1. If I take R0 = 60 Å and measure r between the Cβ atoms of THR144 and ARG252 in this structure, what FRET efficiency does the formula 1/(1 + (r/R0)^6) give, to the nearest 0.05?
2. Report relative contact order for segment 265-350 in percent, whole number only (criteria: Cα-Cα under 8 Å, sequence separation at least 6).
3. Using the basic label-point model (7 angstrom from Cα toward the beta carbon), what is the LYS229 to GLN74 distance in nanometres?
4. Could I have the simple spin-label model distance between SER364 and GLU64, label points 7 Å from Cα toward Cβ, reported in nm to one decimal?
5. Determine, for segment 178-305, the count of lysine pairs separated by eight or more sequence positions (or lying on different chains) whose alpha-carbon distance falls under 19 Å.
6. When the chain is fully extended, how far beyond the present Cα-Cα distance does ASP289 get from ARG187, taking 0.36 nm per residue of separation?
7. Kirkwood hydrodynamic radius, segment 180-322, all distinct C-alpha pairs: what's the number in Å?
8. If you take every residue apart from GLN314 with its C-beta less than 15 Å away from the C-beta of GLN314, what net charge results, scoring Lys and Arg +1 and Asp and Glu -1?
Amino acid sequence: MFSIMKTQLNFVLITITRETPENPYLIFRSLNSTGQDLTQWDLVRNYVFMHVPEQQQEMFDHDEWTSLEQRFEQKAKRLAAKKKEGKKKTAGELLTSFFRDVLMSKGNYIPEGEVFETFELIYSGNGNTLDPSDFVSELEIQATGYDIIDGTSTHSNPEVQRAFQMVREFDISASYPLILALLDKQREGVLSDEELAQALVAIVSFVVRRSICRESTRSHGPLFCEACKKLESRPLVNLLAYLSKNWPDDSRFIPALQTAKLYKTLYGKDILCWIERTLQRKSEPVHLDRCDIERIMPENLTASWQHVLGPEAQQIHAQYVSTLGNLTLLGSNENRKIKDKAFQEKKPVYIASRLSLNDYFHDSNLDQWGEKEILARAAKLAKIAAQIWTCPPSSDESTRIAVQPLRLL
């Protein structure tokens with residue numbers, strides 16, 4: 001490594017003297033304009049330091065700036081420890097995403113490659129002056145909220161914390177600017193904890209319903225940014241009124257969920273897990289991280305299953321094997337053991353399970369599994385899902401979305 005550095009790298013020293021009062025951060029930006037790509041955050045950092053008097057830059061870096069970057073360096077380390085494969089995000093990339101979300105929380109969508117350009121435009125004219133200390137102070141406030149959003153820290157209210165968990169598990173990162181705007185409204189005193197929890201569940205409900213009804217999800221980023229401008233002094237009411245125009249109601253959602261091919265889809269396991277959490281008895285919680293999706297009528301249509309399903313076995317299997325009524329949760333070991341077995345062999349395993357989703361199989365009259373049984377269970381589970389991920393009532397004044405007493409593990 002030393003040999004490579006010695007023979008293939010050029011070292012350039014630029015000395016800034018009193019006779020040459022150029023800002024070193026401005027020089028840095030110019031030199032790197034044709035070299036290795038900087039992250040958008042690198043450019044933001046240098047722009048900010050260009051507005052710090054040279055004699056104060058070291059103190060500003062030590063006393064104010066470093067703690068902000070260290071916060072995201074720790075995030076990057078934690079994420080890297082969790083992610084065994086694939087590209088790991090650097091602190092600079094995480095900071096860029098965070099800062100982009102902060103900018104978009106003001107109400108305008110920003111493409112990923114235009115974060116610095118947008119930031120620079122804010123302070124180039126229009127009478128805006130960048131105060132580096134105020135800038136860092138505001139980002140520290142936003143970063144504290146961001147820690148709650150991404151799970152680094154917890155919210156003091158249990159209902160709000162449960163709602164944040166739902167947002168994270170469904171991975172609705174496009175909503176982060178909107179959530180930052182909602183947290184701003186809470187700091188302003190116009191949004192209660194209860195209303196914040198309702199707003200978070202509403203965001204998930206909106207996305208889940210649209211996804212199940214096969215509505216485009218590409219517009220969610222710009223749509224959530226636009227929603228930030230609608231919050232005003234009645235954030236929850238105004239948010240629900242704005243989203244309701246594109247929010248599928250029960251007449252669309254329930255039938256769509258019953259027929260959706262959920263197995264191995266984006267939200268398949270999440271939907272089952274949240275139904276399970278809703279059904280679970282508080283005194284008997286079951287951790288779900290070691291559970292897999294179990295297909296009751298199995299993936300492989302064995303001879304015994306063909307016999308049970310009858311002459312239309314192939315059609316029934318193709319139509320229902322991956323749908324809600326045919327799916328449950330089961331511990332990974334049990335799932336592997338009963339993979340392709342007949343329903344009569346699987347049923348005792350379901351009954352022995354502590355998962356509340358499997359209480360359905362305690363019915364002594366349930367002695368076979370086919371199209372009729374799948375449809376009946378799908379109807380029941382879809383109604384539960386519609387109560388978890390509700391849609392707003394028609395009247396804006398009475399708009400309210402219930403936060404179910406979910407027990408999150």
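The values are calculated or read from the model by the stated rules, or taken from the named source; none is laboratory data. Note that the structure is a prediction, hence the values are computed from the model and not measured. All Cβ positions, glycine included, derive from the backbone under ideal geometry; neighbour counts span all protein chains shown. Areas reflect the complete protein model, heavy atoms only, side chains present, ligands, DNA and RNA absent. Shrake-Rupley method; radii C 1.70, N 1.55, O 1.52, S 1.80 Å.
1. 0.95
2. Once divided by the residue count of segment 265-350, the mean separation gives 36 percent.
3. Rounded to a tenth, the inter-label distance reads 3.7 nm.
4. 7.5
5. Eligible lysine pairs with Cα atoms under 19 Å apart amount to 5.
6. Result for the pair: 33.3 nm of gain on full extension.
7. 18.2
8. -3
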